[in-house]
Structure formats: C-alpha cells, structure tokens
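Asks: One structure coming up, written as structure tokens, with questions to follow.
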Amino acid sequence: MTNASDDVTISDVARKYLRVHFTPDVGPLRLEKLLKHFGSIDDVLAASIQGLQKVEGIGPKLARAMIESSYDDRIAREIEIAEACGVRILCGEDEAYPASLRNITDPPICLYVRGRLLRTDTIAVAIVGSRRCSHYGREQAVRFSQSLASAGFTVVSGLAYGIDGAAHRGAVRAGGRTIAVLGNGLATVYPSEHAELADEVVQHGALVSEYPMDTPPDAKNFPPRNRIIIGLSLGVIVVEAGKRSGALITARCAHDYGREVFAVPGHIDRPEFSAGVNGLIRDCSAKLVTCLDDVLDELQEVGQIMRAQAEDASSSTGGGTVIETSTATASALLSTLSAEERAIVDAVTQGRTDADAICTVTNLDISRVTSLLTSLQLKGQLRRLPGNEFALR
C-alpha cells in the first residue's frame, strides 16, 4: 500500500494502473482476473501475449493491444491536465483510495479526486433522486442532508440538478462533509450551472470520477457512476423518483452491493415525482424514513454510536455542532471490531467464505451476518468476491 503525499498528483504505482485504465476493454473485473493470475500490476504489464491469453476473457486481439499499445504520451498529458486542475489520480494500492470503494466487486481502476478524502468518509450516506424534482423533494433532500452532516456523516451524491444538488447544499450549509461523484472527467463540471456548488463541495470534501480528465458527460456514464456513489456509502436515501428515474437504478445497485436502501415517501397525487420512490416502499425494496432517527435505527451499530455521540455533544455544547466529535467517533469505529465481527473474521480465516457457512459457525442469523459482512467490508477487513463469497483483505 503506497502512502504518497497529498501534493503528489499520481504515485508511481498508480501510473501503472493508469496504463491499464487506458486500455480499451480492460475494466475492473477483467483487471481483477489479471491480478489474480499474475499476482501484481508489474507482472501484468510484463506478461507476454501468450501469457495474457491464459487469463479468462483475454483473447489474442486484446492481449496484443495490451502489449503493443503505447500510452506514454497520453499518460503524460493526463497527468499534466490533472495537475493543472488540482486533481489527484489514485489506484487501489494507494492508501488514500477509499477502503469502502476498494471492497466492492468492481472498484474503479483509477479514481480521480479533486479535493480531499478522509478516512472518516467511510461513514457516509448517499442521497439521490430525480433531476426534475418538486419543491417538497428539494426540501426533504436538504433536511436529510443537513441532519446527516450535522451528525457526522459524509453525504454522497452526484452533483446533478434537482435532488443531488440539494443534498450537497444541505451538507455544505451544515458545515459537514460531502462527496460528489461525476459521470464525466474532472477537467469540467457538469452541469456547468453547478460550477460554484462544485467549488463548495471541494472545500467540504471532494469531487470524484473514474473517467479520464477530458471525458465529456454522456448518458452511458451515469449507471456506472451510480455504483461509485453506492460503493462509498453505508446506504442510500431515495428522496424523489418517477417510474423511470435513474435513482431506481441506484437503489437496485445498493441492493446488489448489500447496502441499506431508504425511501422518503412522496406525494401520492404527484406520480411524476413519486411513483418510483413510493413503489420502492410498497414493494418492500426500501425502508420508509421520515427523519434522521429512522436512518440511524437501520444502521445498527454505526447508527447507535453516531446517535449517542451526537446526544453527548449536543448536551455538552448546548445544541451546538457535533461534527468534530462525531468524526472522531467515526474514526474510532473504523479501527475497532465487535465480538461478533471478530467471530466472522475468524470464520473467514478458517475457510468459511459464504454467508450460510458463516451463519453455521457463528450461530448468528442471516440478516445479522449480512449486516456485519457489510460493516467489515467498509472497515477494510474483508473484501467481496464473485459469487457472493468473502476473503480477508
């Protein structure tokens, strides 16, 4: 794990990953297979065409492209643009790369960051919803965002019009932290009308993207972008969504990644804004929430600790800000394991790599094990493998 200075645009090891990142048709899952086969990024880059073809999914054409294509000029230009824009380029081996994102099944090969990511940003909740939202929806996004930020959570969203923008503004207004995940390169801000908001986000957190610096916004980029929003978060709150809203894709992604899904009920007489989100509640695909306490209840240990710390800070400061104290608690939370979490780590160490086997060994029910597995991934103790199995980091 490399620990480069925040002033360094890119580490030496991230340069190697950037070359793979630029290779067409080599995405996170294919890179995972390459690393598993060869053992390191150095060995991947040093492999022969014949050696590369021994990896599942790597045919002659792709193997030749990986060997024969030179990206030196493009890499140099990319780093130059990133440096000019105040952007760092991280890879999974960099210490600054978010632990929660590293542990999803398809983490970005390279992550571009404008601003600063903190270790405590792992204690995060996403807020998403429709770009075209009602006044009620915007109010709820701000209300939940302010409450979460004031309690010490980082608020994650996508900087889009509507609910996303309101979520970032609420966190900024509370003086808390927020992360915006973009579906374009960080050389530009999309939408351009949110350029000033983007600057505020950078002061209170970071803009992040997996796309090269000069990548323009494109509709096909947004579904993959959503997995990063979810990967950075403990759960997601859907505030408003019509029947075809992209927020519903984000909710499905959250289920796939084992994250909590919450929904703020919408007006039943405004289906263009609320049919999708109310459908999530009706189908039991999301838990109905009306306030911060509802979210904290569902987050179990994390919610209990954050609530207790918020109450302690509020009583000692006469209702003042609790962000600094809650952030300290979040940091401590990440570095400790409960007895149940230790039992699960022991089970995985003994070769019980799926949830059912872990239940048998630990005598915990499946819902409890699922919750704890998510917690251990976020704490960087476990990583999720294809087939819904788990391994030690």
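Asks: Name every residue in region 36-50 that is under 28 Å from the mean Cα position of the chain (by Cα) and buried (at least 17 other Cβ atoms within 10 Å of the Cβ), in order of residue number.
Replies: Pass one, region 36-50, residues under 28 Å from the mean Cα position of the chain (by Cα): 36-42, 44-45.
Within region 36-50, F38, I41, V44 meet the criteria.
Asks: Where residues in region 51-66 are within 32 Å of the chain's Cα centre (by Cα) and farther than 16 Å from K36 by Cα, which of them is surrounded by the most Cβ atoms within 10 Å (Cβ to Cβ)?
Replies: Among them, the one singled out is M66.
Asks: Can you list the strands (runs of 3 or more DSSP E) lying wholly within region 77-186 that have 3 or more residues being farther than 25 Å from K243 by Cβ? Spell out the reasoning first.
Replies: On the way: elements: 87-91, 110-115, 124-128, 154-157, 177-181.
Where strands (runs of 3 or more DSSP E) fall fully within region 77-186 and carry at least 3 residues being farther than 25 Å from K243 by Cβ, they are 87-91, 110-115, 177-181.
Asks: If I go through region 149-159 residue by residue, how many of them are at pLDDT 95 or above and either farther than 22 Å from D293 by Cβ or not hydroxyl-bearing (S, T, Y) (or both)?
Replies: Residues meeting the conditions: 4.
Asks: Name the residue, out of S134, S157, S150, S145, that is within 22 Å of G185 (Cα to Cα), touching a residue at least 12 places away in the same chain (Cβ under 8 Å) and out of contact with any Leu (no Cβ under 6 Å at 6 or more places or on another chain).
Replies: S157
Asks: For region 368-381, give me each residue that is at pLDDT 80 or above and out of contact with any Cys (no Cβ under 9 Å at 6 or more places or on another chain).
Replies: Initial filter on region 368-381 (at pLDDT 80 or above): 368-373, 376.
Once the filter is applied, which keeps residues that are at pLDDT 80 or above and out of contact with any Cys (no Cβ under 9 Å at 6 or more places or on another chain), region 368-381 yields T370, S371, L372, L373, L376.
Asks: Just one of I249, I237, I230 is in a strand (DSSP E or B) and either under 20 Å from F144 (Cα atoms) or more than 13 Å from the chain's Cα centre (by Cα) (or both); which is it?
Replies: Criteria check complete, one pass: I237.
Asks: Same structure again: What are the pairs, 6+ residues apart or on separate chains, where a residue within region 88-115 that is more than 21 Å from D256 (Cβ to Cβ) and at pLDDT 95 or above has its Cβ under 7 Å from a residue that is among the basic types (K, R) and not in a loop (DSSP other than H, G, I, E, B)?
Replies: That search, which allows pairs on different chains as well, returns V113/R88.
Asks: Would you check which residues across region 98-135 are of a type in the set (S, T, Y) and either over 11 Å from the mean Cα position of the chain (by Cα) or more than 22 Å from P28 (Cβ to Cβ) (or both) and list them?
Replies: T105, Y112, T120, S130, S134
Asks: Same structure, new question: Which of the residues that make up region 268-284 are surrounded by fewer than 14 Cβ atoms within 10 Å (Cβ to Cβ) and either on the phi > 0 side of the Ramachandran plot or not charged (D, E, K, R) (or both)?
Replies: I268, C284, listed by residue number.
Asks: Something else now. Exactly one of (1) modelled with pLDDT of 80 or more; (2) assigned to a helix (DSSP H, G or I) is unmet by L364. Its number?
Replies: Single failed check for L364: (2).
Asks: Step by step: first the residues of region 67-76, then only those that are assigned to a helix (DSSP H, G or I) and of a type outside the set (V, I, T), then the one that is farthest from S11 (Cα to Cα). Which residue is that?
Replies: Looking at the filtered set, the residue picked out is E68.
Asks: I'm checking my understanding of the structure. Among residues of region 294-307 that are surrounded by fewer than 21 Cβ atoms within 10 Å (Cβ to Cβ) and in contact with a Ser or Thr (Cβ under 8 Å, 6 or more places away or on another chain), which one is farthest from E341 (Cα to Cα)?
Replies: I305
The values are calculated or read from the model by the stated rules, or taken from the named source; none is laboratory data. If you're wondering where the values come from, they're calculated on a predicted model, not measured in any experiment. Counting neighbours? That spans all protein chains shown, and the Cβs are built from the backbone with ideal geometry, glycine included.
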